[in-house]
Each structure stands twice: as C-alpha cells, then as structure tokens.
Amino acid sequence: MSSQLPELTPVCDDDDLRSGQLVRALIPEGPVLVVRDEDGVIRAVDDTCTHAEISLADGFVEGRTVECWAHGARFDLATGAALTLPASEPLRVREVLVHAGTIYIRSTDTGSGLD
C-alpha cells in the first residue's frame, strides 16, 4: 500500500475487511469508519457519533446500520441518516474506492448523502 492515488487515503487490503468488521481510518479531515456491510458493500462515514462525539468504531453493525456503543444511536451506513435518538444529525458519507486490491477513502467531502 505504498503508492497513493491523488486525494485518496489507503485504509486496508480489500481481502482483510470482513463483513461487519469496523475499521477506524484517518484521512486529512479526521477519523472515518469503514465497514463491509452484510451485502458485501464497503461503506465509509465519519467516525464520530453526532450525539456524543464518540468513536463509532467501538459500536455494533447490523445490516447496513451502525449503533453507537454509548447511548444506542443508530445510523444508516449508506446515507449517514440518524435513525434513532438521541442522535438527530446525520453522519457525513465518504466515497470508497477499491484499486489494485486496496480500499481507499476519498479525502474530500462528498456531503451527507441526504437531500
């Protein structure tokens, strides 16, 4: 993983990310949570609960959602939407690319995924 593509931060090898595994990665804008959901889709969102500013990497994945370990707030990994209280603000969704067997996160903002 020594070569970097422009604006992309390498996270891990594609083969190393198991379904439901939570990986915390650092990009220039801050920490990002990377997950392979139960459908095999690799998702990435900012790794900070919008309710309590706690890392979601210590949380729980079910389907395409992540639950904050501290207060139980749940977020949709595809859209970033806050699904349950106490969180009401969405997570920022990050673009994921797989190139030459390596998972990368685009380090520029792609928005929250919400209209």
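Got a number for residues in region 69-80 being closer than 16 Å to Val93 by Cα, crowded, with 20+ Cβ neighbours inside 10 Å and of a type in the set (A, V, I, L, M, F, W, C)?
2
For Asp58, state whether it is without any contact (Cβ under 8 Å) to a residue 60 or more places away in the chain, of a type in the set (D, E, K, R) and over 21 Å from Arg106 (Cα atoms).
It is true that Asp58 is without any contact (Cβ under 8 Å) to a residue 60 or more places away in the chain, of a type in the set (D, E, K, R) and over 21 Å from Arg106 (Cα atoms).
Pairs needed: first member in region 83-99, crowded, with 19+ Cβ neighbours inside 10 Å; second member anywhere, among the basic types (Lys, Arg); C-beta distance under 8 Å; at least 6 residues apart or different chains.
As it stands, the answer is Ala87/Arg74; Val93/Arg43; Arg94/Arg106; Val96/Arg43; Val96/Arg106, since those pairs meet every condition given.
Out of (1) among the aliphatic types (A, V, I, L, M); (2) modelled with pLDDT of 95 or more; (3) touching a His at 6+ places or on another chain (Cβ under 9 Å), what's the single condition that is false for Leu77?
(3)
Return yes or no: is Leu91 out of contact with any Phe, Trp or Tyr (no Cβ under 6 Å at 6 or more places or on another chain), under 16 Å from Pro31 (Cβ atoms) and of a type in the set (A, V, I, L, M, F, W, C)?
no
The values are calculated or read from the model by the stated rules, or taken from the named source; none is laboratory data. Worth saying up front: this structure is predicted, and the values here are computed from it rather than measured. Neighbour counts run over all protein chains shown; Cβ positions are idealised from the backbone, glycine included.
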